[in-house]
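Shown next, in C-alpha cells, is the structure this report addresses.
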Amino acid sequence: MIKKNSNDAMRKGVTNIVLLGLISFFADISSEMVYPLIPIYLTTVLGATPALVGLIEGIAESTASLLKVFSGYISDKFKRKKALAAAGYSTGIIYKIALFFAASWAGVLAAKVVDRLGKGIRTAPRDVMVADSAQQGKTGKAFGIHKMLDMAGSAIGILIAFLLLKNLGESGYQNIFLISVIPVVLALILFLFVHENKAKPNEQPKREKFWKRFSSLDKHLKLYLLVAFIFTLGNSSNSFLLMRATDMGFSSTNAILLYFAYNVTAAILSIPFGKLSDKIGKKKLLVSGYIVFALVYIGFAFCPNQGTMIGIFVLYGIYTAMVAGVERAFIAEIAPPDLKGTMLGLHSTVVGIALLPASVIAGLLWDGAHLLRFCSAEVYP
C-alpha cells in the first residue's frame with residue numbers, strides 16, 4: 001500500500017513537472033516570437049539608439065525582478081502558487097496587444113514593463129511547484145526537464161518569428177505581435193490540469209518575518225546571492241548579442257536564426273546537465289558554467305567572422321543549459337522549506353537589481369565603441 005502511494009505520488013510529480021514545462025513551452029513560443037524582434041524593431045523602425053534599448057531592457061527586467069521576491073514570499077505565506085503563476089502568465093496577452101498599438105519607444109517600454117511584471121509574479125511560485133514535484137535528490141533533473149521544454153518553446157517561437165518576418169517583411173511586426181497571443185492562451189488552459197500541493201492549516205509552520213531569519217540562512221545560500229549579483233553586473237541583455245550579430249553583417253532574419261541555434265542547444269542539453277548536477281554537485285557545474293560564459297563574452301568582443309559568431313551562439317546555449325535550471329535547483333535544495341519561494345524570488349530580485357546598471361552600461365559602451373570607430377574612420381579614412 002505504501003509502495004502504491006509512493007508510485008502514485010511519483011507519477012503525479014512527473015506529470016506536474018511536464019505540465020509546468022509545457023506551460024512554459026507555450027508561453028515561451030509566444031515570448032520568443034516577439035523578444036528577438038524588439039531590439040530590431042526599436043532601432044530600425046522606431047529609431048531608438050542602442051543606449052536607449054539598454055535602458056528599456058534594464059528597466060523592464062529590473063521591474064520584473066523586484067517583484068519576484070514579493071511573489072515568492074506571498075506564495076510561501078498563502079500557499080497560492082498556482083493562482084499566482086497563472087495570473088503572471090496572463091499578462092502576456094496584455095503585453096502583445098500593447099505592442100501591437102505601440103507607436104514609440106515609450107509605448108514599447110510600457111508594454112515590456114507589463115510583461116515583466118507578469119514574469120515577476122509567476123517565476124518564483126512556478127519554480128516552487130517544480131521543486132515540490134521533484135523526487136528527493138533529483139531536483140537538477142526536474143529543473144532540467146522544465147528548462148528543456150522552456151527552451152524548446154523559445155526555439156520554436158524564434159523559428160515562427162523568422163518565417164513570419166521572412167514572408168511578411170519588416171511591415172509585418174505588428175501582425176506577429178498579435179499572432180503571438182495564441183500560445184499564451186494555450187498555456188493558461190494547461191493550468192487547469194496542474195496539481196498544487198496545499199498544506200493544511202494545522203500543517204503550516206508558524207512563520208517569522210523573513211528579514212528576521214536572514215542572518216540564520218545557510219552561508220552558501222547567502223554567498224551565492226552575492227556571487228549572482230556580481231556576476232550579473234558583467235552581464236547584459238541578449239538584445240545586445242543580437243545587435244552584435246547584425247553588426248557583423250547578419251541580416252535581421254539571420255540574426256534571429258542565430259538566436260534559434262542558441263535556444264535549440266540549451267534545450268537539448270538542459271536535461272543532461274540537470275542529471276549531471278545531481279551526480280557531481282550543483283556548485284561544480286555552476287562554476288564551470290560561469291567559465292563558459294566568460295569565454296562566450298570574450299568571443300562576442302573579438303569575433304573575427306560570421307562563422308565564429310555561429311559557434312559563439314551555440315556555446316552560449318551550452319552555458320545556459322549548465323546554469324539556468326541548475327541554479328534554481330541549487331537554491332531550492334538549500335533554502336528552508338517554508339522559504340523556498342522567497343529565496344527563489346530573492347535570487348531573481350538580486351539579479352534584476354544588477355541587470356539595470358549592467359544593461360545601461362552595455363548600451364553606453366556600445367554607443368561609445370561605435371562613436372570611436374566612426375571618429376577613427378574620419379581621421380584615418
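The values are calculated or read from the model by the stated rules, or taken from the named source; none is laboratory data. Nothing here was measured: the structure is a model prediction, and the numbers come from that model. Cβ: placed from backbone, ideal geometry, glycine included. Neighbour counts: every protein chain shown.
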Could you list, in sequence order, the residues of the range 79-109 that are under 20 Å from residue 121 (Cα atoms), at pLDDT below 90 and small (Gly, Ala, Ser)? 83
Return yes or no: is residue 131 among the aliphatic types (A, V, I, L, M) and at pLDDT 90 or above? no
Please verify whether the range 293-309 includes one or more residues that are touching a helix residue (DSSP H, G or I) at 6+ places or on another chain (Cβ under 6 Å) and within 18 Å of residue 228 (Cα to Cα). yes
Condition first: at pLDDT below 90, over 21 Å from residue 349 (Cβ atoms) and surrounded by 15 or more Cβ atoms within 10 Å (Cβ to Cβ). Can you find one or more residues in the range 276-288 that meet it? no
Kindly indicate the residue of the range 322-336 that is assigned to a helix (DSSP H, G or I) and small (Gly, Ala, Ser) and also surrounded by the fewest Cβ atoms within 10 Å (Cβ to Cβ) among those meeting that condition. 324
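Residues of the range 293-302 being in contact (Cβ under 8 Å) with a residue 12 or more places away in the chain, of a type outside the set (Phe, Trp, Tyr) and surrounded by fewer than 18 Cβ atoms within 10 Å (Cβ to Cβ), which ones?
295, 299
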In the range 273-308, the residues that are more than 21 Å from the chain's Cα centre (by Cα) and more than 21 Å from residue 257 (Cβ to Cβ): 276, 278, 279, 280, 281, 284, 298, 301, 302
Helices (runs of 4 or more DSSP H) (entirely within the range 212-307) containing at least 2 residues that are closer than 18 Å to residue 330 by Cβ: 219-233, 252-280, 282-302
Out of 65, 31, which single residue is at pLDDT below 80, of a type in the set (Ser, Thr, Tyr), closer than 27 Å to residue 353 by Cβ and under 22 Å from the mean Cα position of the chain (by Cα)? 65
Residue hits (the range 174-213; at pLDDT below 70 and surrounded by 15 or more Cβ atoms within 10 Å (Cβ to Cβ)) are 210
Of 353, 318, which residue is β-branched (Val, Ile, Thr), closer than 17 Å to residue 233 by Cα, in a helix (DSSP H, G or I) and touching a helix residue (DSSP H, G or I) at 6+ places or on another chain (Cβ under 7 Å)? 353
Return the pair list, or none, for Cβ contacts closer than 7 Å from residues in the range 4-19 that are closer than 17 Å to residue 82 by Cβ to residues that are of a type in the set (Phe, Trp, Tyr) and at pLDDT 85 or above, at least 6 apart or on different chains. 19/193
What is the one condition in (1) at pLDDT 85 or above; (2) surrounded by fewer than 20 Cβ atoms within 10 Å (Cβ to Cβ) that residue 16 does not satisfy? (2)
Among (1) buried (at least 19 other Cβ atoms within 10 Å of the Cβ); (2) touching an Asp or Glu at 6+ places or on another chain (Cβ under 9 Å); (3) modelled with pLDDT under 85 - the single one residue 112 does not satisfy: (3)
